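The values are calculated or read from the model by the stated rules, or taken from the named source; none is laboratory data. The shown structure was predicted, so the numbers you read here are calculated from the model rather than taken from an experiment. When we count neighbours, we look across all protein chains shown, and the Cβ atoms used for this are built from the backbone with ideal geometry, even at glycine. Surface areas here come from the heavy atoms of the whole protein model, side chains and all, with no ligands, DNA or RNA. Shrake-Rupley method; radii C 1.70, N 1.55, O 1.52, S 1.80 Å.
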Amino acid sequence: MSERPWLRYVQFWGTDVDRDIDDELRYHIEMRIADFIAGGASPEQAREAALRLFGDPHSLTTTLRAHDMRKLKQERRADMFQDLRQDVQYGIRKLMQAPRFTAAVAIVLALGIGANTAVFSAIDAAFLRPLPFFEPQRLVLVANAQIRLRPDPKRPKSIPELDDLVGMRDVFSSVAGYATGGLNLLGGAQPMRATVTYVTPRFFETLGRMPVVGRPFSNGEQIAGGRNAVVLSHALWQREFAGDPDVITRHVSLNGVEHDVVGVMPADFAFPDQTDLWIGLQVPASPNVMGAFRNFFPAHFVGRLAPRVTESLADQRLELLRRQYRPKRAKDEAPVAELATPLRSELLGESKAALFVLMGSAALLLLIACANVTNLLLSRATTRQREIAVRVVLGATRLRVIRQLTIESALLALVGGVMACFVAWACVGALTAALPAGLAAIAPPRVDIRVLGFTMLVAVVTSLIFGLWPAVGASRVNLNDAMKAGGGTATRLRGRGARGVLVIVEVSLALMLVVGAGLLIESLRTLLTIDSGIRTEHLVTARMTLPAAKYATDAAKNTFVSSVLARLTAAPGVRTAAAVTSLPMDKEIGVSLLVAPEDAPEDKTRSVFAAYLAATPRYFRALGTPLRGEDLPATSDSTHRVVVVNQTLAKKLWPGQDAIGKPFNSPLGLHTVIGVVGDIRTRALDREPTAQMYFPMAEVGEDYLSIVVRGDADTKTLIAGIRDAVKSVDPGQPIYLARTMDQVAAATVAPRRTNTVLLSAFGLLALVLAAIGVYAVLAYGVAQRTREIGVRVALGASVSDVVRLIVVQGTVLAAVGIVIGITAAYALARYLSSILYQVSIHDPVVFVVAPALLFAVALLATWLPARRAARVTPMEALREA
């Protein structure tokens, strides 16, 4: 042989397949040559015959190499899985031998990973998960357009209309208009107020979704004079029609007008605003449709961009279209950049900043959890020095030790990840309130396969973060120290500094969360202490809309309202009852009118816009709002028309004067002020009071009204009383949004409350984890320094000296962490500015109380280890030796 055979047996990297094959082929050829020579052939003839008998050596070598390589890979794979199985089994046994340690680490990881998973479910719904439409990235909402109700040759177009948008086929492959309101629904299980959306042709085609039962609207149902048709939502179909598959043969009544049911949409389609049913809008639209929208028509437009058309190009083309009707832009018109807005961005609204704050907070909490677990693993690795030294002595390599410890960390992370899924599932409902209602209706947060994948990814990454460092450190074994009876001191001292750094990191991150939570809590407290202008306790409300087909005259409406209020006032437990057109702090849009004092000049310099409301007598008494002057009358008097104004309007129209007795003009005519009522926050708690005026409801006869009842009975009884009173007057009249006034006010701050509660929970968990970290380090330090403390006591150290030794160590770590944390919190607080209300981002109270609270928690965490250290005796120290 030309090769030296001993090389085959000293291969460092294992089997050499190519060398083995060459040796084997060479051996067989030489043996065959020897056979031919023994038969009388010459060496040259024998070699030629042997090669001819063997065939193509290259082809044979290739086949053997493929076979051997496949076999070698199988053997290596089997060995690897065998080693991995042994490591996993060993890791499980070791974790089961320390149940308290395993439970503590799993719970900490479950909280950290679970918080991130829950918040990620909201981030996924808001930014990542596709909306339930066909190619949703090409859908945009178009601003600065309208749907004309009736063609009027005398009234030229002032802004683009639907037909203009439909004609832009090179920009939009499809465009549709829609408007969402409410109508009274009869024909289901019971009378109800339904959220309805009028839609123009190709609405469902534009969004790329079709009914699962029945069909969409036909052309004949969306032209003037055509059939009235509706498509039901899946939820309404199940709730009111029990999922009847023959529902498309039924009819429903909407505000007294019959409509044919033609289809049912899929379960995940509720666009827009959790619509109950869609109505085919007959174009040109009849003014009668405004009955669903409080006598105006809030049209919106959704368009699907044509291929290769960008949003910026669509903006430019829409701006050119707008200039055809208005060469100069008015001050209140949308700028170019807002003419075509991505549908997702429009649905998300202003919630982006709050969601990013929550995600950042959850990430900080996860880092604190990782630091805490790393600390625990470092402490545990130190106690396992002798075990690891024995494994090294028995032949385990450093890489094998690191792999074993990393697998144990991965097992802990896996358990924590599984528990985190349950934590996220429990919290995901609360996060729905952090999303805008329109987005949550079609893309609610949920723990699905995407979120579970994120959870497992976080678990794997965190296992590397908190497991690799302790594993690498533990693999550096000093056999002499580790095998001594009391050895390992040097290693323990070396790990003490690392654990101290981790505690500092925990404290600083915790302080950042506590400061953020404190700012949000102060913001919410400030908002909730604002005087809304009403007393919300023992006050309930319910809304209703009177259908024009049944209540066509003002007299009929007033008779209905008077009868309901009379029954309520006579009910036991009711102090007073009244009605108003727009409820304070309700989302339903009201109307504003331009008003001015009677003696104001015609140049409108003293004219102001004021919110128009109509109310019955005792309305201000029911709200608990102070009224100066007379209350609104129960009847109308055309010879003496009166109005009550709020303080803001009175100051604007008659500054420095008494408004009572002053006449003023409005689109409703000349009225005299008979009373001035306190300011009421009509939009929301965080919106300043606006100018308001209240007319007698008997004078205007409104279709839309809210009943307010103040009483001594419990809220359920009062709400049931409203329902019974309405039913006794008109059994077919539904009421909706029956709730307490506290709930009405709370709904206006729900997103702020959700953000505050979540960030406060993160801050509280961070405090607990930081305290655990301080305690764990100090307690472990006391356990490892028992002999040193005993020697100090034997040499005359007092109890106070020992306590001071431990307390100083803990307070120094906490103080360093607080200094770093307060600096970082001060720098990062600006990201909270958009979600704070009347609170400085550097509020001095928060930036003093938060560090003080954290320092107090750290001191508490040092007390138990210090107390234990104080009880160490010289005899215990001798036993430790």
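Considering only residues that are among the small types (Gly, Ala, Ser), open to solvent by 40 Å² or more (accessible area, probe 1.4 Å) and under 13 Å from ALA306 (Cβ atoms), which ones fall in region 168-197? Matches in region 168-197: SER173 only.
Residues checked against (1) open to solvent by less than 30 Å² (accessible area, probe 1.4 Å); (2) under 30 Å from ALA856 (Cα atoms):
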| position | (1), (2) |
| --- | --- |
| VAL514 | yes, yes |
| LEU519 | yes, yes |
| GLU522 | no, yes |
| SER532 | yes, no |
| LEU539 | yes, no |
| ARG543 | yes, no |
| PRO547 | yes, no |
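For region 700-717, how many residues are farther than 30 Å from VAL642 by Cβ and in a helix (DSSP H, G or I)? Of the residues in that region, 3 qualify. Please specify each residue of region 329-350 satisfying the condition of being among the small types (Gly, Ala, Ser) and modelled with pLDDT under 80. Residues satisfying the conditions are ALA330, ALA334, ALA337, GLY349. Among the residues of region 720-734, those that are open to solvent by 40 Å² or more (accessible area, probe 1.4 Å) and of a type in the set (D, E, K, R) comprise ARG723, ASP724, LYS727.
Let's see how each residue does on (1) crowded, with 20+ Cβ neighbours inside 10 Å; (2) of a type in the set (A, V, I, L, M); (3) free of Cβ contacts under 8 Å to residues at least 12 places away in the same chain:
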| site | (1), (2), (3) |
| --- | --- |
| GLN657 | no, no, yes |
| GLY661 | no, no, no |
| SER666 | no, no, no |
| GLY669 | no, no, no |
| ILE680 | yes, yes, no |
| GLU688 | no, no, yes |
| PRO696 | yes, no, no |
| LEU705 | yes, yes, no |
| LEU718 | yes, yes, no |
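Can you tell me which residue among GLU44, GLU30 is at pLDDT 75 or above, open to solvent by 90 Å² or more (accessible area, probe 1.4 Å) and out of contact with any Asp or Glu (no Cβ under 8 Å at 6 or more places or on another chain)? Being at pLDDT 75 or above, open to solvent by 90 Å² or more (accessible area, probe 1.4 Å) and out of contact with any Asp or Glu (no Cβ under 8 Å at 6 or more places or on another chain) holds for just one of GLU44, GLU30, which is GLU44. For GLY243, are the conditions met, namely being within 32 Å of the chain's Cα centre (by Cα) and open to solvent by 30 Å² or more (accessible area, probe 1.4 Å)? No; evaluated as a whole, the condition is false for this residue. For region 207-229, the condition holds for at least one residue, the condition being that it is hydrophobic (A, V, I, L, M, F, W, C), closer than 24 Å to LEU141 by Cα, open to solvent by 10 Å² or more (accessible area, probe 1.4 Å) and without any contact (Cβ under 8 Å) to a residue 60 or more places away in the chain. On inspection, ALA596 passes the criterion of being over 23 Å from ASP703 (Cα atoms) and open to solvent by less than 20 Å² (accessible area, probe 1.4 Å). Among the residues of region 220-254, those that are farther than 17 Å from PHE203 by Cβ, at pLDDT 85 or above and not in a helix (DSSP H, G or I) comprise ALA242, GLY243, ASP244, PRO245, ASP246, ARG250, HIS251, VAL252, SER253, LEU254. When the test is whether a residue is in contact with a helix residue (DSSP H, G or I) (Cβ under 8 Å, 6 or more places away or on another chain) and open to solvent by 10 Å² or more (accessible area, probe 1.4 Å), SER563 passes it.
The strands (runs of 3 or more DSSP E) falling completely within region 534-614 that include 3 or more residues that are closer than 22 Å to LYS727 by Cα, of a type outside the set (Asp, Glu) and modelled with pLDDT of 85 or more map to 539-545, 574-580.
If you go through region 47-68 and keep only what is under 60 Å from the mean Cα position of the chain (by Cα), open to solvent by 70 Å² or more (accessible area, probe 1.4 Å) and either over 20 Å from ASP20 (Cβ atoms) or touching a residue at least 12 places away in the same chain (Cβ under 8 Å) (or both), you end up with just ARG65. In region 283-308, of all residues being within 23 Å of MET168 (Cβ to Cβ) and open to solvent by 30 Å² or more (accessible area, probe 1.4 Å), the one that is farthest from the chain's Cα centre (by Cα) corresponds to PRO284. Residues considered: VAL782, VAL774, VAL793. Of these, the only one that is surrounded by fewer than 22 Cβ atoms within 10 Å (Cβ to Cβ) and either over 17 Å from ALA371 (Cα atoms) or at pLDDT below 80 (or both) is VAL793. Residues in region 75-133 that are part of a helix (DSSP H, G or I), under 16 Å from the mean Cα position of the chain (by Cα) and among the aliphatic types (A, V, I, L, M): ILE113, ALA115, ALA118, VAL119, ALA122, ILE123, ALA125, ALA126, LEU128. Here THR117 meets each of (1) touching a Phe, Trp or Tyr at 6+ places or on another chain (Cβ under 8 Å); (2) surrounded by fewer than 16 Cβ atoms within 10 Å (Cβ to Cβ); (3) among the polar types (S, T, N, Q); (4) modelled with pLDDT of 80 or more with one exception, condition (2). A single member of ASP260, ASP268, ASP273 is open to solvent by 10 Å² or more (accessible area, probe 1.4 Å), part of a loop (DSSP other than H, G, I, E, B), within 23 Å of ARG215 (Cα to Cα) and out of contact with any Gly (no Cβ under 9 Å at 6 or more places or on another chain), and it is ASP268.
Return the residue satisfying two criteria in turn: it lies in region 442-457 and is open to solvent by 20 Å² or more (accessible area, probe 1.4 Å) and among the aliphatic types (A, V, I, L, M), and of such residues it is farthest from ALA235 (Cα to Cα). Here the answer is LEU457.
Could you tell me whether PRO136 is under 19 Å from the mean Cα position of the chain (by Cα) and modelled with pLDDT of 85 or more? So PRO136 fails the test. Being touching a strand residue (DSSP E or B) at 6+ places or on another chain (Cβ under 8 Å) and among the charged types (D, E, K, R) is the filter here, so list the residues in region 159-213 that pass it. GLU161, ARG193, ARG202, GLU205, listed by residue number.
Does at least one position in region 406-418 carry a residue that is over 18 Å from LEU366 (Cα atoms) and either touching a Pro at 6+ places or on another chain (Cβ under 7 Å) or of a type in the set (S, T, N, Q) (or both)? Yes, some residue in region 406-418 is over 18 Å from LEU366 (Cα atoms) and either touching a Pro at 6+ places or on another chain (Cβ under 7 Å) or of a type in the set (S, T, N, Q) (or both). Here ALA738 meets the list (1) part of a helix (DSSP H, G or I); (2) under 30 Å from ALA579 (Cβ atoms); (3) not β-branched (Val, Ile, Thr) almost entirely, failing just condition (1).
Only one entry of LEU860, LEU864, LEU853 meets the criterion of being over 25 Å from the mean Cα position of the chain (by Cα), modelled with pLDDT of 80 or more, surrounded by fewer than 19 Cβ atoms within 10 Å (Cβ to Cβ) and farther than 17 Å from MET512 by Cβ, and that entry is LEU860. Would you check if there is a residue in region 722-729 being within 26 Å of THR559 (Cα to Cα) and part of a strand (DSSP E or B)? No, region 722-729 contains no residue that is within 26 Å of THR559 (Cα to Cα) and part of a strand (DSSP E or B). Kindly evaluate ALA106 against the criterion of being of a type outside the set (Val, Ile, Thr) and either open to solvent by less than 50 Å² (accessible area, probe 1.4 Å) or in contact with a Cys (Cβ under 7 Å, 6 or more places away or on another chain) (or both). Answer is yes for this residue.
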